Amino acid sequence: MTDFSFSLTHTDGTARRGRMDTSRGEINTPAFMPVGTVGTVKAMYPEQVRDTGADILLGNTYHLMLRPGAERVASLGGLHVFMDWARPILTDSGGFQVMSLAKLRKLTEKGVTFRSHIDGSAHELTPERSIEIQTLLDSDIIMQLDECIPLPSERKEMERAMELSLRWAQRSKDAFGHQPHRALFGIVQGGDDPELRSRSAAGLKSIGFNGYAVGGLAVGEPQEVMFRVLSEITPDLPTDKPRYLMGVGKPDDILGGIERGIDMFDCVHPTRAGRHGHAYTRFGVINLKNARHRDDPRPLDEASPNPNCRRFSRAYLHHLVRTEEILGAMILSQINLSYYQELCIGARAAIEVGTMSDYAQATRARWAQGDLPPIEGN
């Protein structure tokens, strides 16, 4: 098996271009990871996800441990076989979902006990059990268990959660052991406090991880707070390890993260937006529920590299969305994930030639200009 490795190939200011090598293939960075929460990227076949340009996708420990169960997935060949995805998979630790979804949860030094949001059954998630579950799933990139709290929060509470996450990071590392064909990422916490974030990063570096994630953002804070935290924390992270901003975000969030030195992103937003009739293109977000599209024969973007963006008329997509046809969610989810990949591919190319600033400026200018005007008479 190929050992996990990361190489930084180009930089442009703080923006980075790199490559991760895994036993299941390479991952070009900056990378956006489609979210396959329960073993599927919603409304898409695995080969369609790959065709968007995705090198890696994300699976969710909390959901998969509850249903169908990690041991069952392992007995059926692991998550890659189970969902027919041959490329790398990153699994989150389950901590965020426990905090946000589970019923009657109780947090202790040992871990967290909770009742399933599905059937009320009792479960315990510890750093050791989270690593065990992710290993059973046969994940390529495993995340430490951490505690993610909302923003804003009191500094004392942010410090408590950060220090607990550091202790859990060490236990996660111990449980992970020696698995050179996999990677283990630590998670920087500390809310919006620079000193807490810096202490968290220092503690994680002393433990030693294959990669470093920034957690606890996109949890209710304004974008400018997120960008400030990223600008402050990325200089504290090792330059020779990948950096992952968890649960982010919309295209402008991703572009801003790339500008601030982030290598990896994930978010449910592009597929969720597609299921709600919103399309992302170089024109920004297009709401296909709007009546302005009902007689419009033009495609979403005739210059898009995505064939579905060129193939279907706005009128047809409007019809699918208004009638809540499944095909509409399928097409728009694919278009959105393709655009997210297009954004990352463009950033990689720009970083390679030192034009990231121009690329970001031109991209934002196109978003600001907005969608094509309606056709005459509409």
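Listing for the model above:
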{"read-out": "Lone qualifier among Gly257, Gly249, Gly284 - being touching a Gly at 6+ places or on another chain (Cβ under 9 Å), assigned by TED's automatic domain parsing to the domain that holds Met20, at pLDDT 95 or above and not aliphatic (A, V, I, L, M)", "value": "Gly257"}
{"read-out": "All positions within the range 168-216 that are of a type in the set (Gly, Ala, Ser), more than 26 Å from Pro88 (Cβ to Cβ) and not in a helix (DSSP H, G or I)", "value": "Gly190, Gly191"}
{"read-out": "Test: residue in the range 278-300 that is under 29 Å from Ser7 (Cβ atoms) and among the β-branched types (Val, Ile, Thr)", "value": "no"}
{"read-out": "Failed criterion for Gly190 (all others in (1) in contact (Cβ under 8 Å) with a residue 60 or more places away in the chain; (2) surrounded by 20 or more Cβ atoms within 10 Å (Cβ to Cβ); (3) on the phi > 0 side of the Ramachandran plot hold)", "value": "(1)"}
{"read-out": "Subset tally (residues that are more than 19 Å from the chain's Cα centre (by Cα), β-branched (Val, Ile, Thr) and under 22 Å from Ile56 (Cβ atoms)) for the range 196-247", "value": "1"}
{"read-out": "Tally, over the range 305-344, of residues that are under 23 Å from Arg366 (Cβ atoms), free of Cβ contacts under 8 Å to residues at least 24 places away in the same chain and outside any helix (DSSP H, G or I)", "value": "2"}
{"read-out": "Hits in the range 350-378 (condition: of a type in the set (D, E, K, R), assigned to a helix (DSSP H, G or I) and farther than 16 Å from Ile286 by Cβ)", "value": "Glu352, Asp358, Arg364"}
{"read-out": "Enumerated strands (runs of 3 or more DSSP E) restricted to the range 1-88, each holding at least 2 residues that are assigned by TED's automatic domain parsing to the domain that holds Asp253, under 26 Å from Ser100 (Cβ atoms) and modelled with pLDDT of 95 or more", "value": "31-33, 57-59"}
{"read-out": "So Gly120, is it out of contact with any helix residue (DSSP H, G or I) (no Cβ under 7 Å at 6 or more places or on another chain), small (Gly, Ala, Ser) and within 30 Å of Glu26 (Cα to Cα)", "value": "no"}
{"read-out": "Selection from the range 102-146 of residues that are within 17 Å of Gly36 (Cβ to Cβ) and either part of a strand (DSSP E or B) or in contact with a Phe, Trp or Tyr (Cβ under 7 Å, 6 or more places away or on another chain) (or both)", "value": "Ile141, Ile142, Met143"}
{"read-out": "Pair list, Cβ under 6 Å, 6 or more apart: the range 365-378 residue farther than 16 Å from Ala303 by Cβ and of a type outside the set (Lys, Arg), other residue modelled with pLDDT of 95 or more and outside any helix (DSSP H, G or I)", "value": "Ile375/Asp296; Asn378/Asp295"}
{"read-out": "Number of the exception - Ala347 against (1) out of contact with any Ser or Thr (no Cβ under 8 Å at 6 or more places or on another chain); (2) outside any helix (DSSP H, G or I); (3) not charged (D, E, K, R)", "value": "(2)"}
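Residue by residue, here is whether (1) touching a Phe, Trp or Tyr at 6+ places or on another chain (Cβ under 6 Å); (2) surrounded by fewer than 19 Cβ atoms within 10 Å (Cβ to Cβ); (3) over 24 Å from Gly18 (Cα atoms); (4) not basic (Lys, Arg) holds:
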{"position": "His293", "(1), (2), (3), (4)": "no, no, yes, yes"}
{"position": "His319", "(1), (2), (3), (4)": "no, yes, yes, yes"}
{"position": "Ala329", "(1), (2), (3), (4)": "no, no, yes, yes"}
{"position": "Asn336", "(1), (2), (3), (4)": "yes, no, no, yes"}
{"position": "Ala349", "(1), (2), (3), (4)": "no, yes, no, yes"}
{"position": "Arg366", "(1), (2), (3), (4)": "no, yes, yes, no"}
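The values are calculated or read from the model by the stated rules, or taken from the named source; none is laboratory data. As the structure is a computational prediction, the values presented were derived from the model and not from experiment. Neighbour counts run over all protein chains shown; Cβ positions are idealised from the backbone, glycine included.
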